[in-house]
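Bear in mind that the values in this text are calculations on the coordinates, not laboratory data. Model, not experiment: these values are computed from the prediction. As a convention, Cβ positions derive from the backbone with ideal geometry for all residues, glycine included, and neighbour counts pool all protein chains shown.
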Amino acid sequence: MAQVVIASRLSDGRVVFLKEASTSGSAEWVLTLGAADIANAEGRANELLSIGEADAVENQAIIDPYLIDVEERDGELRPTKFREVIRCLGPTIRLDLGKQAEGPEA
């Protein structure tokens, strides 16, 4: 199973994905799943997770890095679990329905 490291950026709460900086082995965080480094072996997945966890401690720019399972479908990388699909694509709430459509006094 292919995996990538996902986390939350502290400055704005955005979901980010680990793209290892090739020359130094340090962490670079990207906004798109397709730009993330993909681990196809358990050892590589653990290596990427270690880089993400170390960056979370050292730089304190992200929080809660963890591995998610991904697969390629229709030429795009996609999470295999519904929870991660929501995290990657954003909220499922439509602002034109429900209480949010009624305004702040609702």
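Multiply the residue gap between Arg44 and Leu31 by 0.36 nm, knock off their C-alpha separation, and tell me the result in nm, one decimal place.
Working: separation 13, 0.36 × 13 = 4.68 nm, distance 2.10 nm.
Contour length minus the Cα-Cα distance gives 2.6 nm.
Which distance in nm do the two modelled labels at Thr80 and Ser8 give, with both placed 7 Å along the Cα-to-Cβ direction?
2.5
Please report Ile51, Ile62 as a ranked list, fewest other C-beta atoms within 10 angstrom at the top and most at the bottom.
Ascending number of Cβ neighbours within 10 Å: Ile51, Ile62.
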